[in-house]
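Contents: one structure, followed by commentary.
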Amino acid sequence: MSLAFFFIAVLLTGIFKVHGRVVGNMVLQEGLEQCVYAEELQWEEIGRESGEKLRSFFWCGNGRIRIENEKNRTAGWVKTAAETEITIKRCNPENFLRLLAAAGI
């Protein structure tokens, strides 16, 4: 009987780890996409809202999110059951047009 309880406890622990990893990645990706299209003044607010959403709505109480913006890239880190880093390159149509002009297309 104790072996059955131990097995159920191990399964539940694994399920919560998978839940934390998946939810953390989804919330981070959503926050990064919002930052790509937001103005500079909203970046910190989006990062704070993503952290609140992760901890309250999705029940990942120990989850931490950090979103930073560099010149051409938006980078984010989330730490729940696993630590994940995602980097998104920001849209730069002027550079694309220069590359096309330089290639002679």
### Summary
Among residues of the stretch 1-54 being surrounded by fewer than 13 Cβ atoms within 10 Å (Cβ to Cβ) and among the β-branched types (V, I, T), the residue nearest to T87 (Cα to Cα) is V18
#### Entry: Scan of the stretch 67-89 for residues that are of a type in the set (K, R), exposed (fewer than 15 other Cβ atoms within 10 Å of the Cβ) and over 16 Å from Y37 (Cβ atoms), ordered by number
K71
### Message
So, in the stretch 49-70, exactly how many residues are farther than 17 Å from V18 by Cα and at pLDDT below 75?
### Response
0
### Message
Just the residues that are aromatic (F, W, Y) and in contact with a strand residue (DSSP E or B) (Cβ under 7 Å, 6 or more places away or on another chain), please, taken from the stretch 47-105.
### Response
W77
### Message
Checking G61 against (1) in contact (Cβ under 8 Å) with a residue 24 or more places away in the chain; (2) under 30 Å from L12 (Cα atoms): exactly one of these is not met. Which one?
### Response
(1)
### Query
With (1) at pLDDT 80 or above; (2) farther than 20 Å from T13 by Cα as the list, and I105 as the residue in question, which single condition is left unmet?
(1)
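The values are calculated or read from the model by the stated rules, or taken from the named source; none is laboratory data. Since this is a predicted model, take the numbers as computed values, not measurements. Neighbour counts are summed over all protein chains in view; Cβ atoms, including those assigned to glycine, are modelled from backbone coordinates with ideal geometry.
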